[in-house]
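Just below is one structure, and these are the notes that go with it.
No value in this document is a laboratory result; all are computed from the given coordinates. Model, not experiment: these values are computed from the prediction. Note that each Cβ is placed from the backbone with ideal geometry, even for glycine, and that neighbours are counted across all protein chains shown.
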Amino acid sequence: MFRGSSSHSCDPKGRLIVPSRFRDVIQAGGGDGLIITKGDSPCLIAYSYDEWQKFELLVKSLKSPNSGKLRRHFIGNAQDCPCDKQGRILIPKNLRDHARIDKDLMLIGLLDHFEIWSMENWELEDQKTIESINNGDYKDELAVLGL
């Protein structure tokens, strides 16, 4: 499972060194790389190969009027990003542009996948979430979690 968050940087070519704790999950998940696609925010979503297959089945099962648009967004933008011998992946330019990734970024583990954010966008998103928690917007969800 992908857990925790960590700050990283990518080089001018868009290469990112994947943390070893994430590489272990990737290798256990069916391969030496990731499938990365656009998120619903200005971020990227990264899956191991096994988890990606589960995600594709979920997307395929959608039957709403918007399912075609969602399929185009998530599946149509998916890229295979193999890890090299140094544990790096190359994030394609179109995906970096979507997430506004230049150099500094954050990896956020979310159990079956992780997100890749530009540092600037992550700080804004995290602050919004903290404010929402403080405003009581998530009180029902937090109660279920015992928090």
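Rounded, prolate or oblate, given the Cα gyration tensor of segment 25-75, with a/c below 1.5 counting as rounded? In terms of gyration-tensor shape, oblate.
Give, as a single signed number, the net charge of other residues whose beta carbon lies under 15 Å from the beta carbon of A46, with Lys and Arg counted +1 and Asp and Glu -1.
-1
About the Cα centre of segment 1-78, how large is the charge dipole given +1 on each Lys and Arg Cβ and -1 on each Asp and Glu Cβ? Please answer in debye to the nearest 20.
On the way: 12 positive and 7 negative charges, 61 e Å.
Roughly 300 debye, rounded to the nearest 20.
About the centre of its Cα atoms, segment 98-147 shows a dipole size close to 20 debye [charges on the beta carbon of Lys, Arg (+1) and Asp, Glu (-1) only; nearest 20 debye]. Between the listed residues S7, V25, P82, the Cα displaced farthest toward the positive end of the dipole of segment 5-119, a dipole computed from Cβ unit charges relative to the Cα centre, is found at P82. Computed on the chain, with alpha-carbon pairs under 8 angstrom and 6+ residues apart, the relative contact order is 33 percent. Given a Förster distance of 35 Å, report the FRET efficiency between D84 and D40 from their Cβ-Cβ distance, rounded to the nearest 0.05. The value I calculate is 0.75. For the chain, the 222 nm mean residue ellipticity estimated from helices alone, with every DSSP H stretch of n ≥ 4 adding -39500 (n - 2.57) and the total spread over all residues, rounds to -11500 deg cm²/dmol.
Once the Cβ-Cβ distance between M119 and E141 is put in as r, and R0 is 25 Å, what FRET efficiency do you end up with, to the nearest 0.05? Write down the numbers at each step before the final one.
On the way: r = 26 Å, r/R0 = 1.06.
That pair, M119 with E141, gives E of 0.40.
Counting pairwise Cα distances across segment 5-119, what percent come out greater than 26 angstrom? Of all Cα-Cα pairs in segment 5-119, 14 percent lie more than 26 Å apart. Rounded to the nearest 20 debye, the dipole magnitude of segment 1-146 is 580 debye, with +1 charges on Lys and Arg beta carbons, -1 on Asp and Glu beta carbons, and the Cα centre as origin.
Among the trypsin sites (Lys or Arg not before Pro) within segment 41-138, those in coil by DSSP and having at most 14 neighbouring Cβ atoms inside 10 Å are K63, K85, R100, K103.
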